[in-house]
Amino acid sequence: MKKYNSLSLACQLAPRCLACLICLAAVSCKTRPGADRQYAAGDENGIYRLRLNPANGSKYHYEISNESEFKLEINDKKVDNQSRRDVGVYYQVTKDTAGNFILAIRYDKIHIYTKQNDAETEMDAANAANSLEPAEKMLGLLTGAELVATVTPLGEVKSVNGYKELESKIMAGFDERDTYGKAKAQGQWDKLVGEELIGRNMDQLFKIFPDSAVHVGDKWSLNSRQKGEIGINSRTSYTLQEIHNETAVIVSEGELTSDSTATMMGYNVTTDLKGRQKGEYQMEARSGMLKSATITADIEGTITAAGKEIPVVIKSSVKLKSR
């Protein structure tokens, strides 16, 4: 049986929770009837079909900034972990014969900063060529590659191709005897690139559409579950606030709750975390592509480990802007 004290376990858990507790994706929705209606320019009495519909050959560039802070206190000792991720990414659009959109994805900036109490680390794809840090080298490979995603008009990501091929290239560079280093690098790649950069950025851009036509003032709800060491469930309500000069303004409010139990780093813990999320989006009404977005979340509660109930506070924010 593993032996540990609650403080040391809490300090290990904190950085891993920064990403897994920010729940911004959505997977199902319900709205009023009228799914056959198309986008209609006009006044507040118009009917609008908000969906992904960018022009064939169009190109978009986004600056996306994710920040989070994780605080806990146990035995009069405080843990304060912070994380910031700044990404620049291009999307070039074509269509397939099934009506889906093929997005050629290219990252031109990836900068990641973390702080665990007084210990600070930075990884920048721009420094990859001279870096000895495997994770930083991975980021450099990502900025030099092109990925291809297939996305439906409702924003569902059907597939992402290209990053697994990069993973194979990275793994091939390891000595076959270095099983520890290879496993660590693979875990970093899957979490940092597959989940954090590619998956989450695409969710923030595309998973906000209603499944039918709406009027100004209408609401639709999106439910989601984010998997991880701590499962997080969310229910978010979106409102079409206005459409002005071909820009749709959407606001959102949501509730976040954790699963009651979790297995973290091989240990069984109980969790009781609750929070709220707010967002505002400006969208090109005809293309469904975001012009900007701001999303914030505040979560509080407890993680119980080693018989100790550990108070936890998590704050996160996302800012997105097209260029």
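The values are calculated or read from the model by the stated rules, or taken from the named source; none is laboratory data. Because the structure is predicted, anything quoted here is derived from the model rather than measured. Neighbour counts are summed over all protein chains in view; Cβ atoms, including those assigned to glycine, are modelled from backbone coordinates with ideal geometry.
The table for this structure:
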{"item": "Given (1) assigned to a helix (DSSP H, G or I); (2) at pLDDT 80 or above; (3) not aliphatic (A, V, I, L, M), index of the condition residue 164 fails", "result": "(2)"}
{"item": "Test: residue in region 199-211 that is surrounded by fewer than 19 Cβ atoms within 10 Å (Cβ to Cβ), outside any helix (DSSP H, G or I) and over 18 Å from the mean Cα position of the chain (by Cα)", "result": "yes"}
{"item": "Residue list for region 286-298, filter: over 12 Å from residue 321 (Cβ atoms), of a type in the set (Gly, Ala, Ser) and modelled with pLDDT of 95 or more", "result": "287, 288"}
{"item": "Subset tally (residues that are part of a strand (DSSP E or B) and at positive phi) for region 294-308", "result": "1"}
{"item": "Identity of the residue in region 132-162, β-branched (Val, Ile, Thr) and over 16 Å from residue 86 (Cα atoms), that ends up nearest to the chain's Cα centre (by Cα)", "result": "157"}
{"item": "When residues of region 212-225 are limited to those that are within 21 Å of the chain's Cα centre (by Cα) and surrounded by fewer than 22 Cβ atoms within 10 Å (Cβ to Cβ), the one farthest from residue 254 (Cα to Cα)", "result": "225"}
{"item": "Residue that is modelled with the lowest pLDDT, among those in region 34-90 that are buried (at least 18 other Cβ atoms within 10 Å of the Cβ) and in a loop (DSSP other than H, G, I, E, B)", "result": "39"}
{"item": "Lone qualifier among 295, 303 - being within 17 Å of the chain's Cα centre (by Cα) and of a type in the set (A, V, I, L, M)", "result": "295"}
{"item": "Region 127-147: number of residues that are of a type in the set (A, V, I, L, M) and in a loop (DSSP other than H, G, I, E, B)", "result": "2"}
{"item": "Candidates 203, 211, filtered to the one that is touching a Cys at 6+ places or on another chain (Cβ under 6 Å) and not small (Gly, Ala, Ser)", "result": "211"}
{"item": "Residues of region 267-292 satisfying the condition of being of a type in the set (Asp, Glu) and more than 18 Å from the chain's Cα centre (by Cα)", "result": "272, 284"}
{"item": "Counted residues, region 296-315 - those being without any contact (Cβ under 8 Å) to a residue 40 or more places away in the chain and charged (D, E, K, R)", "result": "3"}
{"item": "Looking only at region 230-247, and only at residues there that are buried (at least 16 other Cβ atoms within 10 Å of the Cβ) and outside any strand (DSSP E or B), the one that is modelled with the highest pLDDT", "result": "231"}
{"item": "Tally, over region 256-278, of residues that are assigned to a strand (DSSP E or B) and either among the small types (Gly, Ala, Ser) or surrounded by 18 or more Cβ atoms within 10 Å (Cβ to Cβ) (or both)", "result": "10"}
{"item": "Residue in region 111-131 that is surrounded by the most Cβ atoms within 10 Å (Cβ to Cβ), counting only those that are among the aliphatic types (A, V, I, L, M) and under 23 Å from the mean Cα position of the chain (by Cα)", "result": "125"}
{"item": "Subset of region 162-181 that is surrounded by 13 or more Cβ atoms within 10 Å (Cβ to Cβ) and in contact (Cβ under 8 Å) with a residue 12 or more places away in the chain - its residue that is farthest from residue 88 (Cα to Cα)", "result": "171"}
